[in-house]
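Enquirer: I have a structure I would like to understand better, so I am pasting it below and will then ask my questions one at a time.
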Amino acid sequence: VRLVESGGGLVQAGGSLRLSCAASGGTFSTCSMGWFRQAPGKEREFVAAITWYGLTTSLGDSVKGRFTISRDNAKNTVSLQMNSLKPEDTAVYYCAADTVGWTTRRQSYVYEYWGQGTQVTVSS
């Protein structure tokens with residue numbers, strides 16, 4: 001599965017961004033999909049995940065109530081809607097695919113496929 005993220009950029013605190021991840025070359029519709037982020041000098045952090053049919057989602061504690069994950073299996077895409085952004089949300093955001101599609105998992109090492117990342121910068 002090849003994953004390509006888009007939608008990153010520079011936004012002021014309190015603003016919104018929508019990240020998208022386009023998948024190709026594999027069985028996207030049977031994978032759980034996740035978003036992770038990594039800020040300079042910090043470990044990769046779980047942000048959100050969604051099961052293969054979109055019935056179950058999971059969000060990291062730091063983004064609950066602000067971020068939403070969704071997917072469109074017909075278009076092979078997964079999205080991350082980010083509202084009320086804070087400077088501490090600044091990071092490179094990665095899309096990832098987990099072939100265990102029936103559950104959401106927060107550990108980055110279980111995800112087999114990764115995108116190249118997209119930079120999100122939130123100014124104060």
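The values are calculated or read from the model by the stated rules, or taken from the named source; none is laboratory data. Bear in mind that the values here come from a model prediction, so they are computed numbers and not experimental data. Glycine also receives a Cβ, built like all others from the backbone with ideal geometry; neighbour counts cover every protein chain displayed. Ligands, DNA and RNA are stripped out before the accessible areas are found, and what is left, the full protein with its side chains, is counted by its heavy atoms. Shrake-Rupley method; radii C 1.70, N 1.55, O 1.52, S 1.80 Å.
Enquirer: Quick one: which residue in Gly25, Gly14, Gly41 is free of Cβ contacts under 8 Å to residues at least 12 places away in the same chain, over 14 Å from the mean Cα position of the chain (by Cα) and open to solvent by 50 Å² or more (accessible area, probe 1.4 Å)?
Expert: Unique residue meeting the criteria: Gly41.
Enquirer: Within the stretch 53-76, work out how many residues are closer than 18 Å to Val100 by Cα, under 11 Å from the mean Cα position of the chain (by Cα) and β-branched (Val, Ile, Thr).
Expert: Residues flagged as closer than 18 Å to Val100 by Cα, under 11 Å from the mean Cα position of the chain (by Cα) and β-branched (Val, Ile, Thr) within the stretch 53-76 amount to 1.
Enquirer: So, one more: So which of Ala91, Ala96, Ala48 is of a type in the set (Gly, Ala, Ser) and out of contact with any Gly (no Cβ under 8 Å at 6 or more places or on another chain)?
Expert: Ala91
Enquirer: Taking the criterion of being among the aliphatic types (A, V, I, L, M), surrounded by fewer than 17 Cβ atoms within 10 Å (Cβ to Cβ) and touching a residue at least 12 places away in the same chain (Cβ under 8 Å), would at least one residue in the stretch 58-76 satisfy it?
Expert: No, because not a single residue in the stretch 58-76 is among the aliphatic types (A, V, I, L, M), surrounded by fewer than 17 Cβ atoms within 10 Å (Cβ to Cβ) and touching a residue at least 12 places away in the same chain (Cβ under 8 Å).
Enquirer: Only one of these is more than 10 Å from the chain's Cα centre (by Cα) and surrounded by fewer than 18 Cβ atoms within 10 Å (Cβ to Cβ): Thr103, Thr90. Name it.
Expert: After ruling out the rest, the residue left standing is Thr103.
Enquirer: Additional query: Keeping to the stretch 16-49, report how many residues are at pLDDT 95 or above and not in a loop (DSSP other than H, G, I, E, B).
Expert: The number of residues fulfilling the criteria is 19.
Enquirer: Now for a different question. Out of the residues in the stretch 32-56 that are touching a helix residue (DSSP H, G or I) at 6+ places or on another chain (Cβ under 6 Å) and hydrophobic (A, V, I, L, M, F, W, C), which is nearest to Thr121 (Cα to Cα)?
Expert: Ranking the candidates gives Phe36 first.
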